[in-house]
Amino acid sequence: MRFFRSGKIRQLILVLADYISMLISCACSSAIFVLGGLIPSDRTALFDEIIPGAFVFSLVVVAFMAIFKVYRIIWRYARLRDFSWCISGIFVGTGCYGVVSKYLGVHQIPEMMFAFAGIIGIVLIALVRMAYISVFNYVNYRVNKETKNRIMIIGAGSAGKQVCEQMRTNKKKYNPVVFIDDDSNKIGRIINGVRVAGNTNEIVKIAGKMNISEIILAISSLSTEDKKRILNICSETFCKVSILPKFEDYIHSDKLNSNIKQVKIEDLLGRDAVDFDTKEVSEMIRNKVCMITGGGGSIGSELSRQIAKMRPKKLVIVDIYENNAYDIQQELVRTYSEKLDLSVQIASVRDKVKIRRLFDEFKPDLVFHAAAHKHVPLMETNPEEAIKNNIFGTLNVAELAKEYKCEKFVLVSTDKAVNPTNIMGASKRCCEMIVECMAQTKTKTEFVAVRFGNVLGSNGSVIPLFEKQIADGGPVTVTDPNIIRYFMTIPEATSLILHAATLARGGEIFVLDMGEPVKILNLAENLIKLHGYVPYKEMEIRFTGLRPGEKLFEELLMNEEGLKNTANQKIFIGKQIKVDEDKFFKNLERLKEAALNNDKEQSEAILREIVPTFVRKKYNSPEIIDDKLAVK
């Protein structure tokens with residue numbers, strides 16, 4: 001087996017096979033000429049010339065095939081074009097031999113006999129190639145028969161075919177053993193030696209029957225609904241599941257591992273990604289000075305990336321955490337070099353003197369306020385820090401945006417601000433009230449808030465936590481079996497923020513249609529399955545109880561808010577709620593004094609006055625979970 005798999009040995013075998021094929025073709029051609037009377041009987045002495053001529057002719061043909069680089073072709077992946085090089089080598093070799101032999105008068109054999117030998121040689125050499133491919137596939141099957149990586153490829157189209165071909169030469173010895181496709185015309189056919197065994201409804205049955213260890217979804221164009229359906233079926237197999245990105249991206253690379261990615265749970269969320277028209281956003285951004293507070297965070301850094309594409313006059317990133325700020329700075333410098341006027345400033349939004357200096361220096365036209373403490377449990381034990389940073393940091397930046405007559409101020413808010421049960425959510429609701437209050441005053445600045453749910457992949461998101469826990473061997477921790485959340489991707493969240501800015505007229509709270517909420521337990525179970533483990537058996541799921549201030553479900557609107565449509569069907573505007581400015585700012589002064597004195601109890605009490613919908617929930621110990629769930 002190992003002998004046959006050597007590249008030089010395979011080339012030598014093909015050369016010898018082709019040489020023998022040409023000798024046989026010469027013998028066949030001469031026999032036909034004799035039997036057909038094309039060589040007169042009184043010229044039988046010429047047979048003495050046929051044998052040495054056949055050896056020389058065959059050698060010349062094989063030499064020309066080598067010149068045409070036929071023996072450098074990997075024949076198990078051959079195409080019609082590769083066979084055409086064989087034909088060209090045989091024709092050119094035959095022609096050259098005929099012309100030279102006639103010119104030199106080497107022998108008196110009819111030239112047509114060797115031309116006919118060349119035609120027969122084409123057929124024989126094609127048969128040699130087909131036999132070679134069959135033998136190689138058989139040897140490869142025997143070598144990989146015991147491999148652990150038995151692969152099912154879903155999609156027998158161009159993408160699936162490419163994946164199968166690359167797996168044949170993959171050093172990790174991937175062994176594609178079956179195709180799945182919903183096209184009934186393809187079922188039963190063979191592609192690169194791999195059979196199309198059935199449709200997607202038969203995935204579970206076929207995977208069990210053929211001992212599949214990994215499934216790769218390789219369909220170039222697939223709707224979100226179909227993708228969710230197929231991945232849900234795959235999750236029932238307990239095989240590791242991977243997915244191929246857009247085929248047009250894949251075909252430009254010969255690296256299998258860099259293109260096939262592990263399935264992420266966002267593929268199962270059950271809705272298409274919200275796509276926004278960037279024309280209006282580009283017009284808003286172009287030639288404007290844009291300032292992003294919290295610009296090094298998950299949302300802030302993605303805002304920086306999207307804004308940088310739209311040719312701002314200047315991009316100012318403000319962040320207190322220098323490591324994140326440095327990372328996004330270096331990324332943008334590598335991407336845009338001198339084409340982007342970029343300034344990265346290390347500053348806290350709590351420091352109004354420093355922020356004023358930045359406003360005075362850069363005079364921003366657009367301000368995107370993403371700086372905030374957002375980790376719910378940490379803010380429950382440090383309420384005064386949430387108040388200082390979230391509320392008064394927002395107030396500082398908002399007041400300066402108004403003072404310096406910025407065109408727009410966009411607050412990044414959260415669904416946790418609706419009927420908040422924790423300090424973080426209450427602080428963000430207070431921030432929304434600041435925006436609404438500012439919009440009520442006479443100002444040239446358009447103040448707006450953008451509210452959305454959990455952002456997949458952001459710092460503190462549940463998905464990276466689950467991924468890490470699975471990589472560590474478990475357990476995967478879920479706070480409560482009934483907890484549900486709305487989800488969106490980071491690009492969706494940032495696109496919403498930018499698009500909301502174009503729609504802003506002052507005081508609006510924009511809300512994204514986020515589809516149906518998702519049960520966190522289902523996410524955990526599906527993610528475990530897609531990594532090839534059996535939940536509760538091979539990978540433990542541990543219920544820890546709701547954390548302090550955590551809800552079972554999040555809301556996107558308060559009871560007193562209504563919904564108003566916008567030009568985009570996926571974006572709605574919550575009805576503006578009038579804020580009593582005098583009372584609000586007096587309470588803010590009281591809250592500021594309590595927070596600066598680090599008085600947690602007083603700070604929380606005043607915050608409850610400011611945000612009447614704030615009803616704090618405390619969970620001092622994990623809830624008792626049904627024993628049936630624990631051993632499910």
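The values are calculated or read from the model by the stated rules, or taken from the named source; none is laboratory data. Note that the structure is predicted; figures quoted are calculated from it, not measured. No Cβ is skipped: glycine too gets one built from the backbone with ideal geometry, and neighbour counts run over all protein chains shown.
If you go through the stretch 446-474, how many residues are modelled with pLDDT of 90 or more and surrounded by fewer than 22 Cβ atoms within 10 Å (Cβ to Cβ)?
The total comes to 1.
For the stretch 290-323, the set of residues classified as of a type in the set (A, V, I, L, M, F, W, C), without any contact (Cβ under 8 Å) to a residue 40 or more places away in the chain and surrounded by fewer than 24 Cβ atoms within 10 Å (Cβ to Cβ) consists of 308, 310, listed by residue number.
For the stretch 214-244, filtered to residues that are free of Cβ contacts under 8 Å to residues at least 40 places away in the same chain and in a helix (DSSP H, G or I), the residue that is nearest to residue 178 (Cα to Cα) is 233. Quick one: would you say residue 414 is over 22 Å from residue 295 (Cβ atoms) and assigned by TED's automatic domain parsing to the domain that holds residue 494? The answer is no for residue 414.
Kindly indicate whether residue 543 is buried (at least 18 other Cβ atoms within 10 Å of the Cβ), in contact with a helix residue (DSSP H, G or I) (Cβ under 9 Å, 6 or more places away or on another chain), at pLDDT 80 or above and assigned by TED's automatic domain parsing to the domain that holds residue 295. Outline the logic, then answer.
Numbers: buried (at least 18 other Cβ atoms within 10 Å of the Cβ): yes; in contact with a helix residue (DSSP H, G or I) (Cβ under 9 Å, 6 or more places away or on another chain): yes; at pLDDT 80 or above: yes; assigned by TED's automatic domain parsing to the domain that holds residue 295: yes.
Yes; evaluated as a whole, the condition is true for this residue.
Rundown of residues vs (1) assigned to a strand (DSSP E or B); (2) touching an Asp or Glu at 6+ places or on another chain (Cβ under 9 Å); (3) closer than 16 Å to residue 241 by Cα; (4) not acidic (Asp, Glu), yes/no style:
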{"position": "177", "(1), (2), (3), (4)": "yes, no, yes, yes"}
{"position": "183", "(1), (2), (3), (4)": "no, no, no, no"}
{"position": "186", "(1), (2), (3), (4)": "no, no, no, yes"}
{"position": "203", "(1), (2), (3), (4)": "no, yes, yes, yes"}
{"position": "212", "(1), (2), (3), (4)": "no, no, yes, yes"}
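Selection over the stretch 283-296 of residues that are within 25 Å of the chain's Cα centre (by Cα) and farther than 23 Å from residue 349 by Cα gives a count of 0.
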